[in-house]
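Worksheet: the structure to be examined is printed underneath.
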């Protein structure tokens, strides 16, 4: 891998920079702000809404904006650059002011690439499993004592931030396929130009941006075009569409390598479970092997990997009751998560609850993709908040339509928290597993209180 390392100075190491982050409250953006400040850079930011944990973390660092909203006067000629988050619109007054002053504007993936352009870049892409697989690679590299930078979409045990900037020779990056910013309409993953890449699988998502499945698949073909010459791409061989895309690739200067699952005998030593994690582990092991971590060492290091926040996160565990929280927010993710819990707890009653929260999941045309995704649950509920539909300017959904989309006549559908709480309390019993799946919060549902559980369990 050393043949790719150059000795050119990185933009974030050349001098102390003055940087302004528009949408500083975002999940990744506030982590970028925190780590840049830690490295001595002068950071300011703004946002029109900032939620926890970003609010508290920014306040502790002295980076929480004094005033919520967009203020053009924050953009001054002495800024070295502006980093633009996805949340900000194209007509943002701060963005317009930056353009007027000729200040360099980065979407955050552009900024990440500028920092990492002289590093070995490892990028994990795909419709599902990105955060977990990236986390696995990071966990193994840390256990091996390797120095590396990273960008990951979730909080990981043992890492203070979701982003790290340093002089390390390698950067591990979660490659999201969503757009980079309001003025950079390119998927984030297309900016990073990896030397080593993983594509975990392809399942239609983000239909507000990619209105057809073909259009969505095309982004991964474009991703292959960005691989550095001499690079390697590991593709999950159980995904028919991914196999097709890999087969159509005409580049002779990169290697396309299939992968399947980590060997069964190694899974007994792991804390994570499910076929999807068995595939994630295999992909992570192959990447780690490329950078000098032998397979036997990888297995040893991963034995204490407990997962990523909100990715099959165990909230409560007793003989009679298990409670999990998962970030599943698309059909393939939902199906994989339900199957994983079902296969792990065969003698427990599985109560699965899912919140329709994203634009795609609330779209009547897209809802058909959920057919069969919750079949393995003993009891299943789908929740959505009418206010979310209003905010996204989408038409109402009927319970019958949702039941038909999921192809589950006994599916319970509710729109208010009182009905949600009633369902949970009605189905609480001995040897039960509750599986909460959402990219939101079930409108602030207090899970522990609803299940009458101690929070320190």
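No value in this document is a laboratory result; all are computed from the given coordinates. Please read all numbers here as calculations on a predicted model, not as lab measurements. We place every Cβ from the backbone using ideal geometry, glycine too, and count neighbours over all the protein chains shown.
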Seminar exercise, completed: quick shape note, the chain: Cα extents on principal axes in Å, largest first -> 60, 51, 44
Problem set entry | Additional length obtainable on full extension of the chain from residue 244 to residue 375, 0.36 nm per residue less Cα span | 44.3 nm
Exercise. If you bin the C-alpha pair distances of the stretch 15-102 every 5 Å from 0, what whole percents do you get?
Worked result: 3, 16, 29, 26, 19, 7, 1
Exercise. Rounded to the nearest 500 deg cm²/dmol, what is the calculated helix-only ellipticity per residue at 222 nm for the chain, with -39500 (n - 2.57) per DSSP H run of length n ≥ 4?
Worked result: -9000 deg cm²/dmol
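Given a Förster distance of 51 angstrom, what is the FRET efficiency for residue 16 paired with residue 264, based on the Cβ-Cβ distance and rounded to 0.05?
Once the sixth-power term is evaluated, E becomes 0.45.
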For this session: Please give the contour-minus-distance gain from residue 252 to residue 343: 0.36 nm per residue of separation, less the Cα-Cα distance, rounded to one decimal in nm.
Result: 28.7 nm
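Got a sec? How would 297, 181, 107, 135 order by Cβ neighbour count within 10 Å, fewest to most?
By the 10 Å Cβ count, ascending, the order reads 297, 107, 181, 135.
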For this session: Provide the FRET efficiency to the nearest 0.05 for the residue 167-residue 142 pair, computing r from the beta carbons and using R0 = 22 Å.
Result: 0.85
For this session: Could you calculate the contour length gain from residue 290 to residue 398, that is, 0.36 nm times the residue separation minus the distance between their Cα atoms, to one decimal place in nm?
Result: 33.8 nm
Exercise. Any idea what the alpha-carbon Rg over 2.2 N^0.38 Å comes to for the stretch 313-450?
Worked result: 0.98
Seminar exercise, completed: If R0 = 25 Å, then residue 455 and residue 55, at their Cβ-Cβ distance, give a FRET efficiency to the nearest 0.05 of 0.75
Exercise. What's the exposure ranking of 439, 373, going from fewest to most Cβ atoms within 10 Å?
Worked result: 439, 373
Exercise. What is the projected area of the convex hull of the Cα atoms of the stretch 112-302, averaged over all directions, in nm²?
Worked result: 10.7 nm²
For this session: Could you list 355, 73 in order of exposure, starting from the residue whose Cβ has the fewest other Cβ atoms within 10 Å?
Result: 73, 355
Problem set entry | At 1.002 mPa s and 20 °C, Stokes D of the stretch 213-324 from Kirkwood alpha-carbon radius, µm² per second | 132 µm²/s
